[in-house]
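Before any comments, here is the structure.
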Amino acid sequence: RALLRGRHAGISWGLIVCGLAWGLANFGFVLWLPVNLVKLGIEAKATSALLAGSAVLALPGIGLVVWLYHRWSAIRTLVLFIALSALALLAFCALAAFEVRSAVAVTLATVALLISTSGVIAMLIPYAAEIYPVHYRGTGAGLIAASSKFGGILGAGLGVAGFFEHFVLSAVLIALPLALSGAMLLRRGIETRGFRLEDIQARLARPTAKASPPA
């Protein structure tokens, strides 16, 4: 209750919605992506090679995530990659809507989705561990981790029910909560880069205050 009400509520709900949407994207949309790529007109053999190549191309993106999180801004980097995840999903909508059969376009969209979703989960739990006070930290980080796992369970269930066969609809319905969580965190999230834990707690106690990380 302490995490979901009062001064922690806005940021907690933003992270929970993000975790749920990430689980749906990673364990639902991405899991069913090979089947849907075949429906887009990509040959089955080419689909496997495309996904493997996209995963390799996405690896350097994790280094960029780490660099931005520690050198630019923790909360802005998280929000940026949440937004990129939503845009990557909408890119697949555009490919399906305009019946694009280009392997290059599909590869770019897949790389963007893999980089952005990997970046989100790489930051989500560490950020949660930074923002909550010591007596809530384990519970807070566990709650956010559980939201991503629950999203994965929900995604698997929806996949069995045939939800991800509706390619465009599923992409839009996952992009929307991602965008919502990004907006919530942009409004209520706090900066942690360059601040001590005591300073972060003081900042969280004054959610309307403005603060910039030290140079």
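The values are calculated or read from the model by the stated rules, or taken from the named source; none is laboratory data. Keep in mind that what you see is a predicted model, and the values were worked out from it rather than measured. Please note that ligands, DNA and RNA were not included when accessible areas were found on the heavy atoms of the full protein model with its side chains. Shrake-Rupley method; radii C 1.70, N 1.55, O 1.52, S 1.80 Å.
With the helix formula -39500 (n - 2.57) applied to DSSP H stretches of n ≥ 4, the chain reaches a computed 222 nm mean residue ellipticity of -26000 deg cm²/dmol. Relative to the dominant Cα principal axis of the chain, helix 103-131 is inclined by about 20°.
Remark: segment 79-87, residue by residue, has Karplus-estimated 3J(HN,Hα) of 4, 4, 6, 5, 5, 5, 4, 5, 5 Hz, where x stands for each Gly or Pro and the curve is 6.51 cos²θ - 1.76 cosθ + 1.60 at θ = phi - 60°.
With contacts taken as Cα pairs under 8 Å and at least 6 residues apart, the chain reaches a relative contact order of 39 percent. Here the average projected area of the convex hull drawn through the C-alpha atoms of the chain stands at 11.9 nm². Quick one: grab the alpha carbon gyration tensor of segment 99-211, order the square roots of its eigenvalues as a ≥ b ≥ c, and give me rounded if a/c is under 1.5, else prolate or oblate depending on whether a/b is larger than b/c. Note, shape of segment 99-211 comes out prolate.
What a 1.4 Å probe finds exposed on segment 1-122 is 71% carbon and sulfur by accessible area, rounded to a whole percent.
If each residue of separation counts as 0.36 nm, what is the full-extension length gain between LYS45 and VAL168 once their alpha-carbon separation is subtracted? Write out the running numbers ahead of the final one.
On the way: separation 123, 0.36 × 123 = 44.28 nm, distance 2.28 nm.
Extra length available between LYS45 and VAL168 comes to 42.0 nm.
For segment 4-85, what class follows from the C-alpha gyration tensor (a ≥ b ≥ c being the square roots of its eigenvalues): rounded when a/c is under 1.5, otherwise prolate if a/b is larger than b/c, else oblate? Walk me through the intermediate numbers first.
Details: a/c = 4.20, a/b = 1.69, b/c = 2.49.
Oblate.
Please work out the average accessible area per residue across segment 41-181, using the 1.4 Å probe convention, and give it in Å². Display every interim value, and only then the final one.
On the way: 6660 Å² over 141 residues.
Heavy-atom accessible area per residue stands at 47 Å².
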